[in-house]
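Just below is one structure, and these are the notes that go with it.
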Amino acid sequence: MLDSVVIVGAGQAAAQLVASLAQDGFTGAVTLVGDEPHLPYQRPPLSKKYLAGELALDRLYVRPAAFYEKAGTKVMLGTPVERIDRNAKAVLLGDGTRLSYATLVLATGSRARTLALPGVDREGVFFLRNIADVEALRARFAPGKSLVVVGGGYIGLELAAVAAKLGLKVTVLEQAPRVMGRGVGPVVSHFYERLHREEGVQVHTGVAVRRLEAGQVVCDGGSHPADLVLIGTGAIPNVELARAADLAVEDGIAVDAECRTSDPSIYAIGDCTTQHHALFAQRLRLESVHNALEQGRIAAASICGKPAPSPQVPWFWSDQYDVKLQMVGLSAGHDEAVVRGDPERSRSFAVFYLRQGALIAVDAVNRAPEFMMSKQLIADRARLDPAKLRDETVAVRDWKG
């Protein structure tokens with residue numbers, strides 16, 4: 001096994017790594033080990049089209065089984081990894097099997113954050129992170145049932161939108177002062193609160209949930225009827241294998257620019273990692289498809305001794321009802337927010353976040369041109385005139401003029 005790669009985890013980062021290794025000419029043995037019984041699949045559709053029944057299971061898969069066969073990759077599904085033996089360069093599987101490696105890649109992803117609430121283990125309380133979670137929840141959906149979503153982040157609101165369209169009575173409870181507060185600015189948060197209320201969803205912010213009882217969610221100052229409860233309070237990285245192997249772990253598994261961990265024979269990619277991002281001059285743990293794919297390419301290039309692709313500006317998206325939110329960059333630390341369009345009366349606008357005159361992030365609601373143009377402008381640290389950004393008579397291509 002002098003030229004072998006073992007990949008632990010079977011998400012989009014792992015699938016991209018397999019593809020990039022093949023494209024970069026890797027000729028050694030590749031083994032992909034996943035603890036779920038599924039080939040690597042897309043997770044964003046879980047809370048959208050897959051939950052709604054609009055997407056078949058095989059459409060979730062990043063690549064078909066034939067792709068891995070053609071690439072010469074051995075796929076081991078439903079196989080948890082128990083331990084990493086760094087001295088022997090081997091991983092120990094749940095069934096006692098040992099896999100030797102020359103290079104190990106951890107693509108362990110993240111899992112749903114749990115809450116220490118009385119009643120959280122009751123029947124009818126769900127988390128949403130994988131296919132099994134969605135199928136269990138969808139089997140309980142029926143028009144007229146009451147659903148309480150605890151958490152007003154992307155997944156919670158996406159699920160609320162699907163449930164409302166399917167005829168459920170939906171209530172969203174968010175402890176923070178506004179929904180989606182970690183990812184977008186106040187203008188966008190308030191727009192989404194209005195959007196969901198227009199679609200029949202009750203949205204309550206600044207609400208602390210105290211316990212879950214049969215048929216209701218109890219909060220400070222009252223309760224809400226609940227046939228079903230979805231806990232959507234974020235995700236935490238799966239770093240336990242790395243920590244037990246004494247690798248450097250911060251908010252995620254710490255990796256360098258080439259996605260190497262503190263052990264040069266071990267890489268980590270995807271949601272489980274934290275990495276320094278030169279554009280933002282800080283370490284970041286990014287939970288996004290874009291980051292998973294980019295790190296898969298970077299790790300493959302490093303393993304094959306090729307130059308790594310240049311890092312890109314991170315971007316994200318969320319689909320709710322007929323509205324597509326596309327976000328690029330990170331708005332934290334902005335000193336000016338410029339609105340293009342009318343978020344109070346329409347479902348199409350964009351918010352530009354500037355710091356000392358330079359564009360650092362954009363939230364685009366049904367505004368694909370603004371989103372696409374902003375990717376390069378943020379990478380260039382372009383200094384833009386707020387008046388031009390605000391003025392819809394000024395074409396996107398003329399912002400820099």
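Listed values, structure above:
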{"quantity": "Distance violations [Cα-Cα > 20 Å] among Lys324/Lys375; Lys48/Lys74; Lys70/Lys306; Lys49/Lys74; Lys48/Lys165; Lys165/Lys324", "calculated": "Lys48/Lys74; Lys70/Lys306; Lys49/Lys74"}
{"quantity": "Relative contact order [Cα under 8 Å, 6+ residues apart], segment 184-270, whole percent", "calculated": "11 percent"}
{"quantity": "Inter-label distance, nm, simple model (7 Å from Cα along the C-beta direction), Arg383/Glu123", "calculated": "6.6 nm"}
{"quantity": "Distance cut-off 38 Å, percentage of C-alpha pairs in the chain lying past it", "calculated": "25 percent"}
{"quantity": "Gain upon complete extension [Gln23, Glu198; 0.36 nm per residue less C-alpha separation]", "calculated": "58.2 nm"}
{"quantity": "Tail weight of P(r) past 18 Å, computed on alpha-carbon pairs of segment 105-154, percent", "calculated": "42 percent"}
{"quantity": "Cβ crowding within 10 Å averaged over residues, with 362-372, 343-353, 263-273, 281-291 ranked highest first", "calculated": "263-273, 362-372, 343-353, 281-291"}
{"quantity": "Rounded to whole Å, sorted largest first: equivalent-ellipsoid semi-axes of segment 156-210, Cα gyration tensor", "calculated": "18, 14, 9"}
{"quantity": "Shape category assigned to segment 155-294 from the gyration tensor of Cα positions, a/c cut at 1.5", "calculated": "prolate"}
{"quantity": "Relative packing of peptides 161-174, 81-94 - highest average C-beta neighbours within 10 Å first", "calculated": "161-174, 81-94"}
{"quantity": "For segment 193-203, Karplus couplings with θ = phi - 60° (6.51, -1.76, 1.60), whole Hz, Gly/Pro x", "calculated": "5, 5, 4, 5, 5, 4, 8, x, 8, 7, 10"}
{"quantity": "Residues of segment 144-164 with amide N under 17 Å of a point placed 7 Å along Cα→Cβ from His38", "calculated": "155-156, 159"}
{"quantity": "Hz values of 3J(HN,Hα) by residue in segment 208-222 - Karplus curve (6.51, -1.76, 1.60), Gly and Pro given as x", "calculated": "9, 7, 9, 6, 10, 10, 4, x, 7, 10, 9, 10, 4, x, x"}
{"quantity": "Lys169 long-range amide H proximity, modeled H, under 5 Å", "calculated": "Gly144, Lys145, Ser146, Leu147"}
{"quantity": "Span from the segment 348-401 Cα centroid across to the segment 105-128 one, whole angstrom", "calculated": "38 Å"}
{"quantity": "Under-5 Å amide H pairs with Leu284, H placed in peptide plane, nonlocal only", "calculated": "Gln275, His276, His277"}
{"quantity": "Given charges at beta-carbon only (K, R positive; D, E negative), |dipole| of the chain in Debye", "calculated": "360 debye"}
{"quantity": "Under-5 Å amide H pairs with His38, H placed in peptide plane, nonlocal only", "calculated": "Gly78"}
{"quantity": "Separation in nanometres of the label points that stand 7 Å from Cα toward Cβ, at Arg211 and Ala332", "calculated": "3.6 nm"}
{"quantity": "Cβ-placed point charges (K, R +1; D, E -1), dipole of segment 208-330 about Cα centre in debye, nearest 20", "calculated": "240 debye"}
{"quantity": "Highest average packing first - 132-141, 150-159, Cβ atoms within 10 Å", "calculated": "150-159, 132-141"}
{"quantity": "Karplus-derived HN-Hα couplings along segment 379-387 (A = 6.51, B = -1.76, C = 1.60, θ = phi - 60°), whole Hz, x at Gly and Pro", "calculated": "4, 7, 6, 5, 9, 10, 7, x, 5"}
{"quantity": "Pairwise centroid distance, computed over Cα atoms, of segment 154-198 with segment 1-39, Å", "calculated": "37 Å"}
{"quantity": "Surface share of carbon and sulfur [accessible, 1.4 angstrom probe, percent] for the chain", "calculated": "49 percent"}
{"quantity": "Gain on full stretching of the segment that runs from Arg182 to Glu240 - 0.36 nm per residue minus C-alpha separation", "calculated": "18.4 nm"}
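The values are calculated or read from the model by the stated rules, or taken from the named source; none is laboratory data. Everything numeric here is computed off the predicted structure, so don't read it as measured data. In this analysis, Cβ positions are derived from the backbone assuming ideal geometry, glycine residues included, and neighbour counts consider all displayed protein chains. Protein only, heavy atoms only, side chains kept; ligands, DNA and RNA dropped before computing areas. Shrake-Rupley method; radii C 1.70, N 1.55, O 1.52, S 1.80 Å.
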